[in-house]
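Trainee: Please find one structure pasted underneath; my questions will follow.
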Amino acid sequence: MGEASPAIVGSNAGILDPKVGGRIDIERYRLGALVFDNFMPEIEGPATKRPGTKHIAPPKYDERESRLIPFEFSDEQAYLLELGDLYMRVHRNQSTVLDSSAGKTKSISNITATNPIVIQTLTAHTFTSGEHVYIDGTTIGEINGSFWRVGTTGANTFEIDIDGTSFTPQVITAGTAQSVYEISTTYLASEVSKLKKAPSLDELFLVLPGLAGSFRKITRLADDNFTIADVWTAAGLEDDDSLGAGFVGMGTWPPFAPANATSTTISWPTDSAPG
């Protein structure tokens, strides 16, 4: 028999169940596939390549656990919240939100050709050892457009971990270093993976099952203006865990209650009378 090469005009039927493998009589059979590996079917017909991931910035602590939580107000206003050990950072539009408040952006006046390099700011800075700063606009391309962890600091100097011995010592007349926007939280690194979440417009509710007083609300006021506050402050509003399910502090709001919190077993009687 000769080989047939039927025209494939679309892929918008998506992934087909193996059970329909022989159903050539179904119209959508010709528009689907058993496997879509790294492709996404679209309603209009074509299959487009799956988008990949991009490394935007390092977490605050390399050696401690952190977590990314989506926070979407609309298609145009979507964020990734980075929660780690007692802190939260904000990522948006393939970048990390920087701190625009007064004193958090400093002009660079000099960069040394040492290992590690030492950056001097035009005026005294408030950068602290261990935090990240975003450096851009200098005449040294190797450090532009990147996040760097601050090392040893002085009144108007700080180190970053890069070998600059091959750089030419020079006075920099342009360039800035800016702090990453961050707020403090009460959640430890060991707790962020256990957080339960429920978004609501410009607010994100968080709670730790089993921990009294952990019900908090994150509110977005601007890209670099988030607040976090207790939802309930009165002890009387906390759940008393009368069922003994071990979730004191979750409160009485249903989205945070665990499924099947009880261990009740239902047994059928020997004789079941009608009704």
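Taken together, the values in this text are just the output of simple stated rules run on the coordinates, not laboratory data. Note that this is a predicted model, so its numbers are computed, not measured.
Trainee: For segment 57-67, take each phi angle, set θ = phi - 60°, evaluate the Karplus expression 6.51 cos²θ - 1.76 cosθ + 1.60, and give the result in whole Hz per residue in order, putting x for glycine and proline.
Mentor: Each residue's phi maps through the Karplus curve to give 7, x, x, 5, 10, 5, 9, 10, 5, 9, 8 Hz.
Trainee: Compute the distance from the alpha-carbon center of segment 75-102 to that of segment 1-30, in whole Å.
Mentor: That distance is 45 Å.
Trainee: Also, I was wondering about something else. I'd like the distance separating the alpha-carbon centroids of segment 120-153 and segment 32-52, in whole Å.
Mentor: For segment 120-153 versus segment 32-52, the Cα centre distance is 42 Å.
Trainee: What percentages, rounded to whole numbers, describe P(r) for segment 29-78 computed over all alpha carbon pairs with 5 Å bin width beginning at zero?
Mentor: That works out to 4, 12, 13, 15, 15, 14, 12, 7, 4, 2, 0, in percent per bin.
Trainee: A further question on this structure: When all C-alpha to C-alpha distances in segment 81-147 are sorted into bins of 5 Å, what percent of pairs does each bin hold, rounded to whole numbers?
Mentor: Final binned percentages: 3, 12, 22, 27, 18, 12, 6, 0.
Trainee: Test of understanding: what is the full-extension gain from THR128 to VAL20, defined as 0.36 nm times their sequence separation minus their Cα-Cα distance?
Mentor: 32.7 nm
Trainee: Residue by residue through segment 107-118, which ³J(HN,Hα) values in whole Hz follow from phi under the Karplus form 6.51 cos²θ - 1.76 cosθ + 1.60 (θ = phi - 60°), with glycine and proline marked x?
Mentor: 6, 8, 10, 6, 9, 8, 8, 10, 10, x, 6, 10
Trainee: In whole Hz, what ³J(HN,Hα) sequence does segment 139-152 give by Karplus (6.51, -1.76, 1.60; θ = phi - 60°), x for Gly and Pro?
Mentor: For segment 139-152, the Karplus curve yields 8, 10, x, 5, 10, 6, x, 9, 9, 10, 7, 6, x, 5 Hz.
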